[in-house]
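The values are calculated or read from the model by the stated rules, or taken from the named source; none is laboratory data. Since this is a predicted model, take the numbers as computed values, not measurements. Using ideal geometry, Cβ is built from the backbone for each residue, glycine included, and neighbour counts are taken over all protein chains shown. Accessible surface areas use protein heavy atoms only, side chains included; no ligands, DNA or RNA. Shrake-Rupley method; radii C 1.70, N 1.55, O 1.52, S 1.80 Å.
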Amino acid sequence: MDVEDQVLAELDVSSSIGDSYEFALKINADHQDVIGILKSLHGDGYAEPLGEKTISLWTLTDEGLNVASDGSPEFQLYSAVPNDEAITLTDLQALVGDSVSKLGMGPCMKNKWLKKDGDSLVRVASDVSDDTAVLLREVASSGTATDNKALALMKKRKLVKEEKRKSYGFGKGPSFKRKRSKKAVGLTKDMLGSKVDMPPGMIHWSDTDFKAVNLKAMGSVVGGGNFHPLLKVRAEFRRILMEMGFEEMPTNKWVESSFWNFDSLFQPQSHPARDAHDTFFIKDPATCNSFPDEYYDRVADVHVNGGYGSIGYGEGAFKKEEASKNILRTHTTAISAQMLYNLANQEGGFKPKKYFSIDRVFRNEAMDATHLCEFHQVEGLVADYDLTLGNLIGIIKTFFAKIGITNVRFKPAFNPYTEPSMEVFGYHPELKKWTEIGNSGMFRPEMLRPMGLPEGVRVIAWGLSLERPTMIKYKINNIRDLFGHKADLHKQQNAPIARF
Ligand code: FB9
């Protein structure tokens, strides 16, 4: 009979198993196996728990098990010395080995079993018994020892250790049967077939004994996820910008035509940023030719002939072939241009608007610890009548104050599509230093007027990256720990929610 059958037989005959440990000893089975079977039978109603008890007992350490089986080192050493003649220490060590010799010599001398005679050893005692081994065999079989003083010595020699043993009592359960029929754990497709032609070996669900569903069982542990730090900061910036009345632009388009990314912004086709050293060009499809015709013509005209106070870039400065090249956008301003064009040409005409975007942009630049060939640009713009540089400065100060930078300075700068332009610097209270925190400007009329925006409409805008504030906030020094295939997100798992 297997262990489960022996357990069922015992329950059948005695109606209970008072102590799982005693029963395991009785049938010479592993106690843990017996406990597992009793708990499984309980799950199917074959057994009912009657109680449990915990006792302290002594068990043998690995060292103790060796002594119980091979004898103590001191007894092995004593036994190796001839009864009636001396033996050199060298010969004795060769007989019993270094370990037994080292471990056994002290107790042999202390017990006056042996004594030294020059460089030899002779027996002193004659009727020696291995009490240590005898006591350990007693502990192994009963879990305790009659001689507490000797037991304490065994513990000191790390031959025994104290353990707690939990054992269980079980009685017959409400669904007890001498022969266990395995209950079905769940409903299967075959069980649901028609009763008349069940596949061989399959039982119809109405004749199946189902395992009771344990409604108190805990659900399986579902490992928690973590938001990427960039996404935490993006969420926070989104919250701030929407709080300021800005509406998010649809930036889910990484490939742009050079027309929208550069030409619509009045960025000359000869600008160095437009060559392959700074921009990623798309091989297929290499070109795009769908631009709003009249707008396209106005852009071409303003590039060549200027207008709105500009003298333009001169004859030959604009070629459709250049405008048609597809690229990975180098800034989200390409989307800003399209949104402004739509604003100028919408039903009912221009209405003031505040837009923002946060998305990936791509630049073919040298990479280092804080720069990759791509980053997430944050951009905000306000389109309204008679806006001034003061409005731009105010908006920028408001935004950065909300991310903890209240001390902000502006420095004149140049962008091809904004005039005036300003670099923005902020004093970081934790870094305790001034750092560049963004760029900004007023879009040029050479960009806005060809779109059809009415005279008097100004557009102010500013930009920054998502990576820089994130790396500062989460104290990440190398951008590869933050973004890219080498980023180990487990390092960020305790990153707090981004609150600046
Ligand atoms: O983000 C940047 N720095 C920064 C921003 C926030 C910040 O927050 C503090 C912790 C609280 C800390 C630092 N910078 C802009 C400045 C530098 O990091 C710079 O070295 C890198 N710049 C990127 C571009 O580099 C090729 C950051 C990125 C950037 C620069 C300019 C714009 C956008 C992103 C822009 C713009 C613009 C201008 C006019 C009109 C419309 C858009």
Using a cut-off of 16 Å between alpha-carbon atoms, which aspartates and glutamates can reach Lys164, once sequence neighbours fewer than 8 places away in the same chain are excluded?
Asp19, Glu22, Glu52
Residue-level accessible surface for Leu65, protein heavy atoms, 1.4 Å, Å²
90 Å²
Extension gain from Ala9 to Ala273, taking 0.36 nm per residue of separation minus the Cα-Cα distance:
86.3 nm
Run the numbers for Ala125 and Glu162: contour at 0.36 nm per residue of separation, minus the present Cα-Cα distance, in nm.
10.0 nm
Provide the per-residue ³J(HN,Hα) series for the stretch 355-369, in order, calculated from phi with Karplus coefficients 6.51, -1.76, 1.60 and θ = phi - 60°, each as a whole number of Hz, with x at glycine and proline positions.
10, 9, 8, 9, 6, 6, 9, 10, 9, 7, 10, 5, 8, 8, 5
Any idea what the relative contact order of the stretch 389-440 is, in percent, if you count C-alpha pairs under 8 Å spaced at least 6 apart?
26 percent
Keeping every protein chain present and rolling a 1.4 Å probe, give me the accessible area per residue for the stretch 330-424 in Å².
43 Å²
Relative contact order [Cα under 8 Å, 6+ residues apart], the chain, whole percent
13 percent
For Lys354, go through the lysines and keep the ones whose alpha-carbon is under 30 Å away, minus same-chain ones fewer than eight residues off.
Lys232, Lys253, Lys325, Lys397, Lys402, Lys411, Lys473
Note the angle between two axes, namely the Cα long axis of helix 333-344 and the longest principal axis of the Cα atoms of the chain, as a number of degrees from 0 to 90, rounded to the nearest 10.
50 degrees
Please work out the FRET efficiency for the pair Leu89 and Met1, using the Cβ-Cβ distance as r and a Förster radius of 56 Å; give the result to the nearest 0.05.
0.50
With angles folded into 0 to 90 degrees, how steeply does helix 229-243 sit against the dominant principal axis of the chain? Use alpha carbons for both and round to 10.
40 degrees
Show that you can apply the helix-only estimate: for the chain, add -39,500 (n - 2.57) for every DSSP H stretch of four or more residues, divide by all residues, and state [θ] at 222 nm to the nearest 500.
-9500 deg cm²/dmol
Give, rounded to the nearest 20 debye, the magnitude of the charge dipole that the stretch 179-269 has about its Cα centre when Lys and Arg contribute +1 at Cβ and Asp and Glu contribute -1 at Cβ.
960 debye
Heavy atoms of Lys486: accessible area, 1.4 Å probe, square angstrom to 10:
140 Å²
Taking every DSSP beta bridge with both residues inside the chain, roughly what % is antiparallel (nearest 5)?
95 percent
Across the stretch 63-156, how many lysine pairs, 8 or more positions apart or on different chains, have C-alpha atoms separated by under 18 Å? Please give the number.
7
Radius of gyration, Dmax [the chain; alpha carbons; angstrom]:
42.8, 125
How large is the accessible surface per residue of the stretch 63-156, computed with a 1.4 Å probe and reported in Å² as a whole number?
59 Å²
To the nearest 20 debye, what charge dipole does the chain have about its Cα centre, counting +1 at the Cβ of each Lys and Arg and -1 at the Cβ of each Asp and Glu?
1420 debye
In the chain, carbon and sulfur make up what percent of the accessible area (probe 1.4 Å)?
53 percent
How much accessible surface area, in Å² rounded to 10, belongs to the heavy atoms of Ile437 with a 1.4 Å probe?
20 Å²
